[in-house]
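S.K.: Structure below; questions to follow.
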Amino acid sequence: QVRLVESGGELVQVGGSLRLSCAISGDRVTMFEVGWFRQAHGQEREFVAGISKTNIIRHYSDSVKGRFTISRDHAMNTAYLEMNSLKPEDTAIYYCAANSGAWSTSSADFDSWGQGTQVTVSS
(Lines give C-alpha, C1' and ligand atoms only; values in the text may rest on other atoms or scores of the structure.)
Protein backbone atom coordinates (compact mmCIF):
# COMPACT_ATOMS: atom_id res chain seq x y z
CA GLN A 1 0.00 0.00 0.00
CA VAL A 2 1.41 3.34 -1.09
CA ARG A 3 0.09 6.71 -0.03
CA LEU A 4 0.81 9.89 -1.99
CA VAL A 5 0.09 13.45 -0.91
CA GLU A 6 0.58 16.36 -3.29
CA SER A 7 1.21 19.96 -2.30
CA GLY A 8 2.38 23.21 -3.82
CA GLY A 9 -0.43 24.10 -6.17
CA GLU A 10 -1.59 27.71 -6.21
CA LEU A 11 -2.57 30.66 -8.37
CA VAL A 12 0.30 31.98 -10.47
CA GLN A 13 0.65 34.45 -13.32
CA VAL A 14 1.55 33.56 -16.88
CA GLY A 15 5.28 32.98 -17.18
CA GLY A 16 5.64 32.17 -13.52
CA SER A 17 7.00 29.07 -11.82
CA LEU A 18 5.79 26.54 -9.28
CA ARG A 19 7.20 23.45 -7.66
CA LEU A 20 4.80 20.67 -6.78
CA SER A 21 5.76 18.08 -4.18
CA CYS A 22 4.51 14.54 -3.73
CA ALA A 23 5.19 12.90 -0.38
CA ILE A 24 5.26 9.13 -0.72
CA SER A 25 4.80 6.67 2.14
CA GLY A 26 4.21 2.96 2.48
CA ASP A 27 5.91 -0.26 1.52
CA ARG A 28 8.79 -0.41 -0.94
CA VAL A 29 8.34 3.22 -2.00
CA THR A 30 11.56 3.18 -4.03
CA MET A 31 10.26 0.35 -6.21
CA PHE A 32 7.71 2.44 -8.06
CA GLU A 33 7.67 4.58 -11.14
CA VAL A 34 6.20 7.95 -10.19
CA GLY A 35 4.13 9.91 -12.62
CA TRP A 36 2.53 13.32 -12.66
CA PHE A 37 -0.82 13.66 -14.41
CA ARG A 38 -3.20 16.57 -14.76
CA GLN A 39 -6.87 17.04 -15.43
CA ALA A 40 -8.32 20.29 -16.61
CA HIS A 41 -12.00 21.08 -16.14
CA GLY A 42 -14.04 19.05 -18.59
CA GLN A 43 -10.99 17.26 -19.95
CA GLU A 44 -9.59 13.78 -19.57
CA ARG A 45 -6.69 13.12 -17.25
CA GLU A 46 -3.41 13.33 -19.15
CA PHE A 47 0.15 12.24 -18.54
CA VAL A 48 2.56 15.08 -17.78
CA ALA A 49 5.83 13.50 -16.65
CA GLY A 50 7.22 10.27 -15.28
CA ILE A 51 10.37 9.12 -13.53
CA SER A 52 11.56 5.53 -13.32
CA LYS A 53 12.25 3.49 -10.19
CA THR A 54 15.97 4.19 -10.47
CA ASN A 55 15.48 7.87 -11.35
CA ILE A 56 17.36 7.27 -14.60
CA ILE A 57 14.50 7.49 -17.09
CA ARG A 58 12.46 10.69 -17.25
CA HIS A 59 9.76 11.28 -19.82
CA TYR A 60 7.59 14.29 -20.55
CA SER A 61 4.55 15.03 -22.63
CA ASP A 62 5.22 17.23 -25.63
CA SER A 63 3.14 20.02 -24.11
CA VAL A 64 5.48 20.45 -21.12
CA LYS A 65 8.84 19.30 -22.50
CA GLY A 66 11.51 21.92 -21.88
CA ARG A 67 9.39 23.73 -19.27
CA PHE A 68 8.74 21.08 -16.59
CA THR A 69 11.24 18.92 -14.73
CA ILE A 70 10.41 15.81 -12.71
CA SER A 71 12.71 14.61 -9.96
CA ARG A 72 12.66 12.37 -6.92
CA ASP A 73 14.56 12.30 -3.68
CA HIS A 74 14.62 8.69 -2.47
CA ALA A 75 16.02 9.69 0.92
CA MET A 76 13.10 12.06 1.49
CA ASN A 77 10.55 9.80 -0.21
CA THR A 78 9.38 12.81 -2.16
CA ALA A 79 8.86 13.46 -5.86
CA TYR A 80 8.78 16.91 -7.40
CA LEU A 81 7.49 18.62 -10.50
CA GLU A 82 9.26 21.88 -11.25
CA MET A 83 7.12 23.97 -13.60
CA ASN A 84 8.48 27.01 -15.41
CA SER A 85 7.13 29.37 -18.07
CA LEU A 86 3.60 28.50 -17.05
CA LYS A 87 0.78 29.05 -19.52
CA PRO A 88 -2.99 29.35 -19.01
CA GLU A 89 -3.39 25.92 -20.60
CA ASP A 90 -1.38 24.44 -17.72
CA THR A 91 -4.31 25.19 -15.42
CA ALA A 92 -5.52 21.86 -13.99
CA ILE A 93 -5.60 19.62 -10.97
CA TYR A 94 -2.23 17.89 -10.79
CA TYR A 95 -1.98 14.35 -9.45
CA CYS A 96 1.01 12.22 -8.60
CA ALA A 97 0.72 8.47 -8.93
CA ALA A 98 2.76 5.33 -8.37
CA ASN A 99 3.16 2.41 -10.77
CA SER A 100 4.52 -0.88 -9.41
CA GLY A 101 4.72 -2.51 -12.83
CA ALA A 102 6.59 -1.90 -16.03
CA TRP A 103 7.29 1.62 -17.28
CA SER A 104 4.13 3.29 -18.53
CA THR A 105 2.61 6.66 -19.33
CA SER A 106 -0.96 5.36 -19.15
CA SER A 107 -3.00 6.31 -16.10
CA ALA A 108 -4.55 2.83 -16.17
CA ASP A 109 -1.21 1.31 -15.15
CA PHE A 110 -0.77 3.43 -12.03
CA ASP A 111 -1.87 1.70 -8.83
CA SER A 112 -1.99 4.50 -6.30
CA TRP A 113 -2.99 8.14 -6.59
CA GLY A 114 -2.85 11.27 -4.51
CA GLN A 115 -5.80 13.58 -3.97
CA GLY A 116 -4.50 16.24 -6.35
CA THR A 117 -3.43 19.86 -6.06
CA GLN A 118 -4.90 22.76 -8.02
CA VAL A 119 -2.68 24.85 -10.27
CA THR A 120 -4.23 27.95 -11.80
CA VAL A 121 -2.34 30.13 -14.27
CA SER A 122 -3.88 33.55 -14.79
CA SER A 123 -3.32 35.69 -17.85
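The values are calculated or read from the model by the stated rules, or taken from the named source; none is laboratory data. Bear in mind that the values here come from a model prediction, so they are computed numbers and not experimental data. Note that each Cβ is placed from the backbone with ideal geometry, even for glycine, and that neighbours are counted across all protein chains shown. For accessibility, only protein heavy atoms count, side chains too; no ligands or nucleic acids. Shrake-Rupley method; radii C 1.70, N 1.55, O 1.52, S 1.80 Å.
S.K.: I'd like to know how the stretch 54-123 sits against the 2.2 N^0.38 Å rule of thumb: what's its Cα Rg over that expected value?
M.R.: Taking N as the residue count of the stretch 54-123, the ratio is 1.18.
S.K.: Keeping the other protein chains in place, figure out the carbon and sulfur percent of the accessible area of the chain, with a 1.4 Å probe.
M.R.: 47 percent
S.K.: Quick one: accessible area per residue over the stretch 1-100, 1.4 Å probe, rounded to a whole number of Å²?
M.R.: On a per-residue basis, the stretch 1-100 sits at 51 Å².
S.K.: Which ³J(HN,Hα) values in Hz, rounded to whole numbers, follow from the phi angles of the stretch 12-25 under the Karplus curve 6.51 cos²θ - 1.76 cosθ + 1.60, where θ = phi - 60° and Gly and Pro get x?
M.R.: 9, 7, 3, x, x, 10, 9, 10, 8, 10, 9, 7, 10, 9
S.K.: If you don't mind, another one. Please state the charge dipole magnitude for the stretch 41-123, taken about the Cα centre, from unit charges on C-beta atoms (+1 on K and R, -1 on D and E), reported in debye and rounded to the nearest 20.
M.R.: The dipole of the stretch 41-123 has a size of about 200 debye.
S.K.: In addition: With r as the distance between the Cβ atoms of Met31 and Asn84 and R0 = 30 Å, compute the FRET efficiency 1/(1 + (r/R0)^6) and round to 0.05.
M.R.: 0.50
S.K.: On to the next question. Taking a cut-off of 15 Å, what percent of all Cα-Cα pairs in the stretch 48-94 are separated by more than that?
M.R.: Above the 15 Å cut-off, the stretch 48-94 has 45 percent of its Cα pairs.
S.K.: Between Ala75 and Thr120, what length in nm is gained on full extension when 0.36 nm per residue of separation is reduced by their alpha carbon distance?
M.R.: 13.2 nm
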